[in-house]
Structures are given as C-alpha cells and as structure tokens.
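One structure below.
The values are calculated or read from the model by the stated rules, or taken from the named source; none is laboratory data. Nothing here was measured: the structure is a model prediction, and the numbers come from that model. For neighbour counting, all protein chains shown are included, and Cβ atoms are generated from backbone atoms with ideal geometry for every residue, glycine included. In case anyone asks, the SASA skips ligands and DNA or RNA and just uses the protein heavy atoms, side chains included. Shrake-Rupley method; radii C 1.70, N 1.55, O 1.52, S 1.80 Å.
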Amino acid sequence: MEYTIVLLPGDGIGPEVVGQAVRVLKFVSQSSGAVFHFDEHKIGGSSIDQFGSALTDETLAICQKADAVMLGAVGGPKWDNPDGKVRPEQGLLALRKGLGVFANLRPVKVHPDLISSSRSNLKNWPGWI
C-alpha cells in the first residue's frame, strides 16, 4: 500500500520531532513494504514568516487530500505577542476545523492511588490501570 503523509513540522522543536518520526516511518516502510510519500509544508510561525498566514488555504487543501498529516509544534517566543493579528495557534485551529477533528488524544495511565481523585472515577477504565 502507498500513503501520502503531509508533514507540518511547525516551529521550535517541531521540525526535530517530525524529522525523527519520518526516520521511524522509513524504517517501518522497509520492514513492512508500505510506501510512504512525504510532502512537507509550513504551519504556525514559520508559515506566518513566509506567507503572512499561520496556515495557507493551499496547505489545508493538500492536508485534506492526504492519507495522514503529521504535525509538529507551533509557536514560540518570536510570535508570543497576544495582540498580534496572526498567531501560530491559528494554524492549528484552522487545521482542526478544516479536517473535522477537534481533540488531541493521548494515552493515559492513571496511578491506582489517584483513581478516587478523578471526577469520573475511573474504576471501569478498560485495561490501563
């Protein structure tokens, strides 16, 4: 199978993290036979610097056609003006809206002694405790 993955390295440590993730995917490709085509574009501060927009319409359209999008970090001290007209996080919000996603889900492991402190009381949480 072949997959197109749009890379949005972003700012700060984002390019480094995305670069290492690409190395992992290349290894996966070699060992699985899957073929990954990478297409890198800008988001966040780096996009503001080059295009004046945190996420261009062109980049969003490319993301919408891709099989997957790998997003790095956005923002940094250079763009930390709360009164700025264009802010890096606007790219992230536009990407979420344009792709119809709204949440950042991460694996969670709850320490058993803290279960009673949870609002939802995770006694029935499947297999993670």
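For Cα extents along the principal axes in Å, which listed value, [x] 49, 31, 29; [y] 79, 36, 21; [z] 49, 48, 26, comes from the coordinates shown? Derived directly from the coordinates: [z]. Every helix of 4 or more DSSP H residues in the chain counts as -39500 (n - 2.57), and over all residues that averages to -11000 deg cm²/dmol at 222 nm.
Electrostatic bookkeeping for F36 treats Lys and Arg as +1 and Asp and Glu as -1; over the other residues with beta carbon under 11 Å from its beta carbon, the sum is -2. Shape analysis of segment 30-102 places it in the prolate category; the axes a ≥ b ≥ c from the Cα gyration tensor give an a/c of at least 1.5, with a/b above b/c. Projecting label points 7 angstrom from Cα along Cα→Cβ for Q50 and H111 puts them 4.3 nm apart. Within the chain, helices built from complete DSSP H runs that reach 24 Å or longer along their own axis (Cα positions) and carry a mean Kyte-Doolittle hydropathy of -1.0 or higher are 14-32.
Under 24 Å of direct C-alpha separation, and excluding same-chain neighbours fewer than eight residues apart, K26 reaches these lysines: K42, K65.
Loop-located chymotrypsin sites (Phe, Trp or Tyr not before Pro) in segment 19-122 (DSSP state other than H, G, I, E, B) with a sparse environment of at most 11 neighbouring Cβ atoms within 10 Å: F102. Expressed as a whole percent, the accessible surface of the chain that belongs to carbon and sulfur atoms is 55, based on a 1.4 Å probe. Can you work out the PRE-style zone for V86? Point 7 Å along Cα to Cβ, and I want the residues of segment 57-78 with backbone N under 13 Å. Under cut-off, by backbone N: 57-59.
The label-point distance for S32 and I13, in a model that sets each label 7 Å from Cα toward Cβ, rounds to 2.5 nm. For a straight C-alpha distance cut-off of 17 angstrom, the lysines reachable from K109 (same-chain residues fewer than eight places away being disregarded) are K123.
What the chain shows is 70 Å² of accessible area per residue, with the surface traced by a 1.4 Å probe over protein heavy atoms.
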